[in-house]
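Working notes, beginning with the structure itself.
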Amino acid sequence: MKIAIIGSGHVGLTTGICFAEKGHEVICVDHDTDKLARLRNGEVWFFEPKLPELLKKHHSSKRLRFTDSTAEAVKFASVIFICVGTPTGESGKADMRYVEKVARDIAETMTDYRLIVEKSTVPIMTGERVKSTILRYVRGDAHFDVASNPEFLREGSAIDDTLKPDRIVIGVDSAKAETLLREIYAPFEAPMVVTSIGSAELIKHASNSFLALKISFINWIARVCEQSGADVHEVARGMGLDARIGAAFLNAGIGYGGSCFPKDVEALAAISEELGVEAPLIRLISQINREQRERFFEAIQHELWVLQDKTIALWGLSFKPNTDDLREAPSLWLAQRLLKAGAKLRVHDPVAMPAFKRAISDVYFAKDPLDATSGADALVLCTEWPQYREVDLAKVKATLRVPLIFDGRNCLDRRQAEELGMTLIGVGKQRIGPRGKH
């Protein structure tokens with residue numbers, strides 16, 4: 001089938017490439033000329049495993065092409081996926097200007113039937129807004145349907161998540177729209193959930209908010225563990241073996257980040273309150289997440305006493321492993337707080353340092369993890385990249401001025417740290433090593 005993708009960011013590009021991988025003809029639209037030039041040259045401007053290889057494969061085969069013209073894409077395709085950004089506005093609600101602009105552009109170009117599909121994460125009732133916008137601006141009597149097909153990809157595993165999804169959700173209000181979407185997804189082996197458009201829109205916000213809730217819940221339990229002597233890892237393991245709960249997202253740490261959870265939790269709360277439904281539980285998810293970063297900073301400050309002129313090594317800059325995305329990354333917030341307090345930073349990340357340098361430049365960018373710890377008064381781990389999990393702490397101790405580690409993801413070898421006489425402070429775990437002596 002001929003498919004148009006409007007918006008060639010993380011979601012749009014991944015979706016388009018995966019549709020091409022399944023045999024569809026795809027045209028992707030983006031109005032950033034630099035990005036278009038790079039895409040046409042087989043280059044991706046963000047880090048995502050497997051994406052560059054598939055881009056080159058399908059761009060070479062002519063199954064995937066790029067344009068800056070929405071009109072060209074609308075004329076080419078039978079089904080149009082809206083994949084533009086919906087950033088958080090000042091009130092916490094999603095900013096829908098880009099979605100509205102795409103709806104207008106489609107309406108002004110469309111001359112016969114098209115299926116317009118919301119792929120971006122949008123508030124409930126957006127489908128009705130898109131439909132009314134197209135009806136207002138459409139020329140002639142062209143027929144169309146609007147549908148919702150939310151994405152559930154995770155940065156760092158976006159290709160696998162899209163090609164092998166847990167489920168495919170489609171929200172439709174016509175048999176024709178359902179038939180077309182079933183045809184598109186026929187090559188994908190996954191259960192399909194068919195709902196109303198509004199239900200599909202809400203499924204995405206509800207799913208992400210629930211996952212964020214699990215993270216904030218276990219982080220709250222971590223606070224209880226710190227005060228009681230319990231171990232959050234043991235508690236989470238005992239909880240996670242219950243099939244009704246599951247182990248996923250029960251990893252205590254310094255909080256979640258990224259482009260989805262913070263935005264979607266805030267948006268769900270704002271939507272609910274706009275509908276007259278109070279959202280204290282949803283608001284608490286974000287509150288606990290913010291407090292988690294504050295508590296971690298306060299632990300560093302308490303242990304080091306005076307941060308002015310202290311040298312701190314920071315491992316892990318992206319908001320999670322296998323991406324270079326810094327949006328809402330705990331590391332970025334923490335680095336800003338440490339610098340404001342007068343600390344000197346030596347930072348390392350396998351892929352995110354170029355992006356970090358664009359945000360904060362007055363730090364030392366280390367060539368490897370041990371270069372970061374060289375002469376540092378403490379090591380702070382923010383992102384659980386595999387190479388950090390596997391590090392030999394004896395080598396780390398040899399490079400540190402003070403054998404002090406703050407493990408914000410509970411991923412370092414606590415037993416080895418204890419054997420080496422190091423001080424290791426985690427989240428929801430009892431500290432290893434004496435207080436105030438290193």
Task: From the options D95, D105, D145, D141, residue that is without any contact (Cβ under 8 Å) to a residue 12 or more places away in the chain and over 28 Å from D324 (Cβ atoms) - done: D141
Open item on the list: Here's a check for you: in segment 122-158, which residue that is polar (S, T, N, Q) and part of a helix (DSSP H, G or I) is nearest to A267 (Cα to Cα)?
Closed with: T126
Task: Output for segment 353-383, where each listed residue is under 23 Å from V427 (Cα atoms) and crowded, with 22+ Cβ neighbours inside 10 Å - done: P369, A372, T373, A376, A378, L379, V380, L381, C382, T383
Task: segment 97-108 - residue that is surrounded by 19 or more Cβ atoms within 10 Å (Cβ to Cβ) and within 16 Å of G9 (Cβ to Cβ) and, of those, nearest to the chain's Cα centre (by Cα) - done: V99
Open item on the list: Against the conditions (1) without any contact (Cβ under 8 Å) to a residue 40 or more places away in the chain; (2) assigned to a helix (DSSP H, G or I), where does G246 fall short? Just the number, please.
Closed with: (2)
TODO: Give the residue, chosen from T111, T133, that is under 23 Å from V29 (Cα atoms), polar (S, T, N, Q) and surrounded by fewer than 19 Cβ atoms within 10 Å (Cβ to Cβ).
DONE: T111
Task: Options G246, G255; residue that is on the phi > 0 side of the Ramachandran plot, small (G, A, S) and surrounded by 16 or more Cβ atoms within 10 Å (Cβ to Cβ) - done: G255
TODO: Check off (1) surrounded by 15 or more Cβ atoms within 10 Å (Cβ to Cβ); (2) part of a helix (DSSP H, G or I); (3) in contact (Cβ under 8 Å) with a residue 12 or more places away in the chain for D161 and give me the number that stays unchecked.
DONE: (3)
Task: Tabulated pairs, segment 404-426, first at positive phi, second of a type in the set (A, V, I, L, M, F, W, C), C-beta under 8 angstrom, 6+ apart or interchain - done: N410/V232; N410/A252; N410/V427
Open item on the list: Exactly one of these conditions fails for M125: (1) in contact (Cβ under 8 Å) with a residue 60 or more places away in the chain; (2) crowded, with 17+ Cβ neighbours inside 10 Å; (3) farther than 30 Å from M353 by Cβ; (4) of a type in the set (A, V, I, L, M). Give me its number.
Closed with: (2)
- [ ] Output yes when any residue across segment 340-352 is touching a strand residue (DSSP E or B) at 6+ places or on another chain (Cβ under 7 Å), surrounded by 16 or more Cβ atoms within 10 Å (Cβ to Cβ) and touching a residue at least 60 places away in the same chain (Cβ under 8 Å), and no when none is.
- [x] no
Open item on the list: What's the total number of residues in segment 253-288 that are in contact (Cβ under 8 Å) with a residue 40 or more places away in the chain, outside any helix (DSSP H, G or I) and closer than 22 Å to M125 by Cβ?
Closed with: 1
- [ ] Run down R104, R136, R114 and say which single residue is out of contact with any Lys or Arg (no Cβ under 9 Å at 6 or more places or on another chain) and basic (K, R).
- [x] R114
TODO: Kindly establish whether E201 is in contact with a Ser or Thr (Cβ under 7 Å, 6 or more places away or on another chain), on the phi < 0 side of the Ramachandran plot, assigned by TED's automatic domain parsing to the domain that holds G426 and modelled with pLDDT of 95 or more.
DONE: yes
- [ ] Would you check if there is a residue in segment 261-279 being out of contact with any Ser or Thr (no Cβ under 9 Å at 6 or more places or on another chain), surrounded by fewer than 16 Cβ atoms within 10 Å (Cβ to Cβ) and of a type in the set (G, A, S)?
- [x] yes
Task: Pick from segment 300-319, criterion touching a residue at least 12 places away in the same chain (Cβ under 8 Å) and assigned to a helix (DSSP H, G or I), ranking: surrounded by the fewest Cβ atoms within 10 Å (Cβ to Cβ) - done: Q301
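The values are calculated or read from the model by the stated rules, or taken from the named source; none is laboratory data. Since the model is a prediction, treat every value here as computed from it, not as a measurement. For neighbour counting, all protein chains shown are included, and Cβ atoms are generated from backbone atoms with ideal geometry for every residue, glycine included.
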